[in-house]
Structure formats: C-alpha cells, structure tokens
Amino acid sequence: MAMVVSGGKMPLHANALPLSIINTKTRVRPAASSFPLFSPAPHSHSPSRSLSIRFKPLQHVSRSLSVVSSVLSEDRATGVSGSGGTDAFKLTYLEGNSWLWETGGLRILVDPILVGNLDFGIPWLYDAAKRFLKGFKLDDLPEVDCLLITQSLDDHCHLNTLRPLSKKSPDVKVIATPNAKPLLDPLFRNVTYLEPGESYELNARNGSKVRVKATAGPVLGPPWQRPENGYLLVSPEDQISLYYEPHCVCNMELLKNERADIVITPVIKQLLPQFTLVSGQEDAVQLAKILKAMFVVPMQNGDLDAKGILASIIKKEGTIESFKDLLARELPKAQVLEPIAGVPLEILPPTSDV
C-alpha cells in the first residue's frame with residue numbers, strides 16, 4: 001500500500017504501513033478509534049510544532065491495494081484555540097456514501113451500507129461492492145447514538161442494512177429527509193424528519209449537545225418534489241463545524257449565510273449521457289468557497305466494484321489532483337484531506353498557536 005503526504009513544498013511517499021510521518025503545523029491527525037477493527041497504532045505528539053503519526057493497516061483491508069492515501073497539509077492551520085476534547089470531529093469513511101462520525105461524545109452513522117451490495121433491487125442494472133472494507137459487517141460497528149440519512153434512495157437509505165440495524169437498535173435516534181418517511185417509519189421508533197432549514201439538537205451522554213441543521217440537496221424527481229437533504233453539524237462548544245452532502249448538489253444561494261470548517265463532498269463527477277449523477281470539481285470548489293471551508297474531505301463514492309448496464313455507461317470527469325489545483329487557485333488556505341477507508345481521521349479546531 002502507498003500513502004501520500006502532501007504539505008509544504010515536497011510530497012512524501014511511503015510504500016507500506018505501518019508508517020511514521022512527521023508533519024509540521026497541522027491540526028489534523030488519524031486517531032485511536034472505538035472500532036475493534038479500526039485501530040491505528042498510537043501516535044506521539046511532541047511539545048514542539050511537529051506531529052508523529054503512525055497508521056496500522058486494517059485486517060479487513062485487502063493487502064493488494066495499489067494506492068491508499070491520506071493528505072495532511074502544512075502551514076495552513078488557522079482559527080481559534082482548541083477546546084480540550086469535545087470540539088473535534090473524528091471521521092471514519094466506510095466507502096460509498098457511508099461514514100461514522102464522532103463528536104461531543106456522540107457516534108453518528110451516516111447513510112450506512114453494511115449488509116450486502118448496493119443494487120437498488122435490480123442487480124442486472126447496477127450491482128456495486130465495496131473495494132476495501134469487504135469483511136466489515138454490521139456487527140463490527142460500535143453502539144451508535146444517531147443514524148443520519150441524507151436521501152431516500154437505496155445508496156443512502158439502504159434497506160438491506162437498515163432492517164437488521166433496526167432490530168439491533170430499534171430506539172436509536174434517526175434524523176432523516178422526509179422523503180424517507182415511508183421507508184423508516186416501519187423500522188425505527190425515534191425518527192425526526194428535517195426539512196431544509198430546520199434544526200435538531202442531539203444530546204450526548206456527557207451532557208454536551210451537537211446541533212444538526214438540514215440543508216437543501218438534490219431534487220430526485222420532478223422539479224416540484226421536495227429536495228433531499230444535506231446537513232450542517234456544529235460541535236458542542238461551537239468551535240468547529242461540518243457540512244455534508246453526498247452529490248455535491250445544493251442551493252448555493254441558501255448556503256451564503258452558512259459556514260463550515262469541514263466540507264465533505266464528492267470532487268470527481270459521475271456522468272450519464274445528458275445527466276449528472278454526482279457533481280464535483282468546480283462545483284465542489286464553489287461549495288468550499290461559499291462555506292469558507294478550512295478542510296475539504298473528498299469522497300470517492302463512485303470508487304466501487306460495480307457491474308451492470310448502468311455501471312458500464314457511467315463516466316467519471318476530473319481527478320482529486322485536478323480538484324486540488326482548482327481549489328488552490330480559489331481557496332489557497334484550504335487543506336485537502338483524503339480519507340483512508342476504515343481509518344479514523346480526527347480534525348481539531350484550528351489554533352493560532354500551532
């Protein structure tokens with residue numbers, strides 16, 4: 001496996017994990033995880049301005065990976081002082097549109113696909129499997145406090161996963177788009193449906209609160225249909241915020257008064273003839289610019305082992321590197337952080353004294 005660390009003027013390349021990397025002036029670190037399987041080796045943190053990072057390869061990640069990368073950028077951390085632990089986001093990418101986020105003592109599971117493939121019930125048309133976390137199952141998850149659903153289609157509201165999850169945790173708090181109500185109401189007892197612009201406060205066991213605000217995502221149907229959701233999350237002490245929408249489709253005008261330190265978004269476009277399935281590239285740059293993002297975490301939700309008629313005609317446009325070039329011109333202080341599937345990435349509030 002290979003890890004690419006970019007920052008300053010010279011990228012560093014390493015050919016194998018575990019790996020120790022020294023990086024100056026960063027407030028981003030892979031973190032010890034609550035996952036029994038996701039356990040990067042301990043990192044050390046010197047009192048100077050350097051950060052030692054050590055990764056441990058996952059047992060369930062194929063050893064034949066050609067490239068797996070995490071990007072830590074130097075000399076770009078800005079902002080206010082850290083808040084001592086609760087104000088941070090720990091992000092674990094589970095491939096596709098799926099994530100586990102941890103903040104303020106809460107674990108938030110996002111758009112999970114953990115049982116079977118993604119096939120929309122018509123595998124001859126499209127059938128996609130994860131590339132790296134093939135062995136990771138629903139039972140491998142730690143206990144979660146909230147299930148966050150952005151859209152009502154199977155690649156976000158995956159019934160093959162949600163049915164067994166509801167039997168395991170029927171009372172888990174669910175926040176979702178109202179478009180998913182017919183699917184979620186029969187499964188879960190504690191669901192809040194947020195229209196774009198509406199908010200909800202999640203209460204952690206330690207007494208902290210995480211604010212979740214729905215934003216307008218794509219319209220999957222006729223123009224008069226309700227849009228799907230994106231979400232803005234704000235940490236308990238209001239020191240760091242996160243925006244997530246998995247298609248890079250939003251109402252830019254409505255986001256002009258919002259701000260997010262972290263933007264999780266696709267950056268590589270996925271195109272059908274005459275139709276954009278997933279946007280990215282310049283649209284992702286504009287999104288980061290409007291939200292005044294300091295960290296952009298690029299999703300590769302099209303990076304699956306897919307087959308079927310639909311898979312054969314989907315074309316990709318752009319690369320992560322071309323996105324970085326575009327972003328550097330428009331928002332030069334923003335850091336691009338490429339997640340490694342299954343490895344937690346902790347992002348702390350930027351400090352002025354790093």
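Among residues of segment 207-236 that are more than 21 Å from Asn97 (Cα to Cα), those with a Cβ under 6 angstrom from a residue that is part of a loop (DSSP other than H, G, I, E, B) and at pLDDT below 85, sequence gap 6+ or separate chain, pair up as Ser208/Thr86; Gln225/Val219; Ser235/Asp87; Pro236/Thr86. When the criteria are applied in full, Leu94 fails the requirement of being touching a strand residue (DSSP E or B) at 6+ places or on another chain (Cβ under 9 Å), crowded, with 21+ Cβ neighbours inside 10 Å and at pLDDT 95 or above. Can you confirm whether Ile108 is of a type in the set (Val, Ile, Thr), modelled with pLDDT of 80 or more, within 15 Å of the chain's Cα centre (by Cα) and within 30 Å of Gly308 (Cβ to Cβ)? No, not satisfied.
Checked against (1) at pLDDT 80 or above; (2) within 14 Å of the chain's Cα centre (by Cα); (3) polar (S, T, N, Q), Asn301 meets all criteria but (1). Among residues belonging to segment 304-326 that are among the hydroxyl-bearing types (Ser, Thr, Tyr) and not in a loop (DSSP other than H, G, I, E, B), point out the one that is modelled with the lowest pLDDT. Looking at the filtered set, the residue picked out is Ser312. For segment 330-346, the criterion of being in a helix (DSSP H, G or I), closer than 14 Å to Thr265 by Cα, in contact (Cβ under 8 Å) with a residue 24 or more places away in the chain and in contact with a Pro (Cβ under 7 Å, 6 or more places away or on another chain) is met by none of the residues.
All of (1) over 17 Å from Leu94 (Cβ atoms); (2) out of contact with any strand residue (DSSP E or B) (no Cβ under 7 Å at 6 or more places or on another chain) hold for Phe132 with one exception: (1).
So in segment 200-213, with the set limited to residues that are surrounded by 14 or more Cβ atoms within 10 Å (Cβ to Cβ) and of a type outside the set (Lys, Arg), which one is nearest to the chain's Cα centre (by Cα)? So the residue we want is Val212.
Conditions (1) in contact with a Pro (Cβ under 9 Å, 6 or more places away or on another chain); (2) farther than 20 Å from Asn117 by Cα; (3) at pLDDT below 95; (4) assigned to a loop (DSSP other than H, G, I, E, B), marked per residue:
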position	(1), (2), (3), (4)
Ser152	yes, no, yes, yes
Val212	no, yes, no, no
Gly221	no, yes, yes, yes
Pro227	yes, yes, yes, yes
Tyr231	no, yes, no, no
Pro236	no, yes, yes, yes
Val249	yes, yes, yes, yes
Leu254	yes, yes, yes, no
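Residue check, Cys250 against (1) of a type outside the set (Val, Ile, Thr); (2) closer than 29 Å to Lys333 by Cβ; (3) surrounded by fewer than 24 Cβ atoms within 10 Å (Cβ to Cβ); (4) in contact with a Ser or Thr (Cβ under 9 Å, 6 or more places away or on another chain), all met but one. Which one? It fails just one condition, (3).
Every listed requirement among (1) β-branched (Val, Ile, Thr); (2) touching a strand residue (DSSP E or B) at 6+ places or on another chain (Cβ under 8 Å); (3) more than 22 Å from Tyr93 (Cα to Cα); (4) surrounded by 15 or more Cβ atoms within 10 Å (Cβ to Cβ) is met by Val296 save one, (3).
The values are calculated or read from the model by the stated rules, or taken from the named source; none is laboratory data. The shown structure was predicted, so the numbers you read here are calculated from the model rather than taken from an experiment. Every residue, glycine among them, receives a Cβ derived from its backbone with ideal geometry; neighbour counts consider all protein chains shown.
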